[in-house]
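Asks: I'd like to ask you about the structure that follows.
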């Protein structure tokens with residue numbers, strides 16, 4: 001090969017090398033830019049995620065504040081890591097709250113709002129998880145049943161002075177035991193020939209809560225140890241009223257005789273069955289919580305001379321209220337809770353009233369007017385700490 005041809009070939013090779021090198025430099029520059037952009041995007045996404053969780057922490061702080069005081073309106077401020085949040089709480093119709101959290105991080109902000117309200121359990125005058133049978137019952141409040149509702153006679157879901165009554169169910173539509181049964185919900189009458197509107201009435205089930213006996217036992221100030229069978233009290237225990245949070249490790253019978261008076265204001269926890277059976281001419285005045293790990297049985301009249309008392313009667317077993325003689329059961333506000341069956345009656349009157357709330361697994365209720373008492377919400381919170389204010393709706397930012 002001539003020297004001229006060799007020089008020409010070397011020149012071509014050099015040009016090719018230069019072009020290849022330039023291409024590599026261009027490609028490496030592009031990859032470097034892409035890598036830097038990826039890093040920026042990752043950093044931005046990380047900041048966005050951090051901002052979201054920071055703002056969500058503000059929402060959780062607002063819900064916690066409402067659990068402590070449902071009338072709380074804020075503002076509420078807090079810090080988390082390098083950021084901070086500010087929470088505003090406003091009032092909405094139907095006893096709802098608008099919780100708005102604004103997260104701040106590196107001169108940027110992000111808003112998140114939710115609609116909060118009491119757990120649906122709190123809004124029911126009557127809630128039954130399994131089987132409910134009603135006959136000639138008027139409910140001044142809301143009614144919910146998870147599984148099975150049987151209707152007999154003439155019934156009404158009227159509502160309260162501040163809101164219309166709402167009926168909801170989670171299982172099959174209610175059914176009528178006789179062709180002549182009916183239920184008036186608001187201004188619409190439902191009979192065996194009228195269909196319930198599943199689009200508006202059928203909702204998610206409301207879980208039946210549990211009683212936390214261990215937590216309640218931690219508040220006890222005085223313990224009673226009954227004999228092998230049952231301890232019987234005609235008057236309050238000797239440790240009362242100095243101690244009004246009392247635990248009975250076994251069965252308890254409260255049975256004052258004629259002329260005797262049993263007065264109690266506080267918490268009474270019974271790790272067994274509880275029975276209250278005042279004799280004729282005896283007086284029983286109770287204000288507070290009566291909790292039984294077994295069944296709770298009440299025979300006779302309670303609080304007939306104390307109309308301002310409020311009682312929570314709760315049992316892990318069944319609840320029986322017998323021999324009703326007065327128009328108002330328990331003479332004041334009453335919350336009945338049972339993880340078993342509730343049976344109220346028979347009554348010696350044509351009808352009886354109950355002012356408060358009933359929550360049960362099973363219930364048969366007849367000839368009763370049930371008046372929902374919103375003030376029992378505070379009692380709900382104390383009794384079921386796991387069922388408080390919940391987020392009802394997320395509002396997209």
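The values are calculated or read from the model by the stated rules, or taken from the named source; none is laboratory data. Treat the numbers as computed from the prediction; the structure is a model and nothing was measured. Don't worry about glycine lacking a Cβ; one is built from the backbone with ideal geometry, like all the others, and counts go over all protein chains shown.
Asks: Given the residues 312, 336, which is the only one that is buried (at least 21 other Cβ atoms within 10 Å of the Cβ) and either touching a helix residue (DSSP H, G or I) at 6+ places or on another chain (Cβ under 8 Å) or not assigned by the TED database to the domain that holds residue 151 (or both)?
Replies: None of the others qualify; the one that does is 312.
Asks: So, one more: What number of residues in region 100-135 are surrounded by fewer than 21 Cβ atoms within 10 Å (Cβ to Cβ), assigned to a loop (DSSP other than H, G, I, E, B) and within 20 Å of the chain's Cα centre (by Cα)?
Replies: Going through region 100-135 one residue at a time, the tally reaches 1.
Asks: For region 290-300, which residues satisfy the criterion of being buried (at least 21 other Cβ atoms within 10 Å of the Cβ) and farther than 19 Å from residue 245 by Cα?
Replies: Listed by number, the list holds a single entry, 298.
Asks: Condition first: part of a loop (DSSP other than H, G, I, E, B) and surrounded by 22 or more Cβ atoms within 10 Å (Cβ to Cβ). Now tell me which residues in region 143-166 satisfy that.
Replies: 146, the sole residue that qualifies.
Asks: What pairs can you find where one residue is in region 198-212 and over 20 Å from residue 318 (Cα atoms), the other is not in a loop (DSSP other than H, G, I, E, B), and their Cβ atoms are less than 7 Å apart, with a gap of 6+ or different chains?
Replies: From residues that are over 20 Å from residue 318 (Cα atoms), the pairs are 201/167; 201/168; 201/169; 202/169; 203/168.
Asks: While we're looking at this one, here's another question. Taking the condition at pLDDT 95 or above and either over 19 Å from residue 72 (Cα atoms) or not in a loop (DSSP other than H, G, I, E, B) (or both), does residue 381 pass?
Replies: Numbers: at pLDDT 95 or above: no; either over 19 Å from residue 72 (Cα atoms) or not in a loop (DSSP other than H, G, I, E, B) (or both): yes.
So residue 381 fails the test.
Asks: Return only the number of the condition from (1) closer than 30 Å to residue 392 by Cβ; (2) outside any loop (DSSP other than H, G, I, E, B) that residue 223 does not satisfy.
Replies: Among (1) closer than 30 Å to residue 392 by Cβ; (2) outside any loop (DSSP other than H, G, I, E, B), residue 223 violates only (1).
Asks: Taking the residues in region 79-99 that are assigned to a loop (DSSP other than H, G, I, E, B) and under 27 Å from the mean Cα position of the chain (by Cα) as candidates, determine which candidate is surrounded by the fewest Cβ atoms within 10 Å (Cβ to Cβ).
Replies: Among those that are assigned to a loop (DSSP other than H, G, I, E, B) and under 27 Å from the mean Cα position of the chain (by Cα), it is 93.
Asks: Continuing with this model, one more query. Looking only at region 193-214, decide whether some residue is in contact with a strand residue (DSSP E or B) (Cβ under 8 Å, 6 or more places away or on another chain), outside any loop (DSSP other than H, G, I, E, B) and at pLDDT below 90.
Replies: The answer is yes, given that some residue of region 193-214 is in contact with a strand residue (DSSP E or B) (Cβ under 8 Å, 6 or more places away or on another chain), outside any loop (DSSP other than H, G, I, E, B) and at pLDDT below 90.
Asks: Could you list, in sequence order, all residues of region 101-147 that are in contact with a helix residue (DSSP H, G or I) (Cβ under 6 Å, 6 or more places away or on another chain) and over 30 Å from residue 210 (Cβ atoms)?
Replies: The answer is 101, 103, 105, 110, 112.
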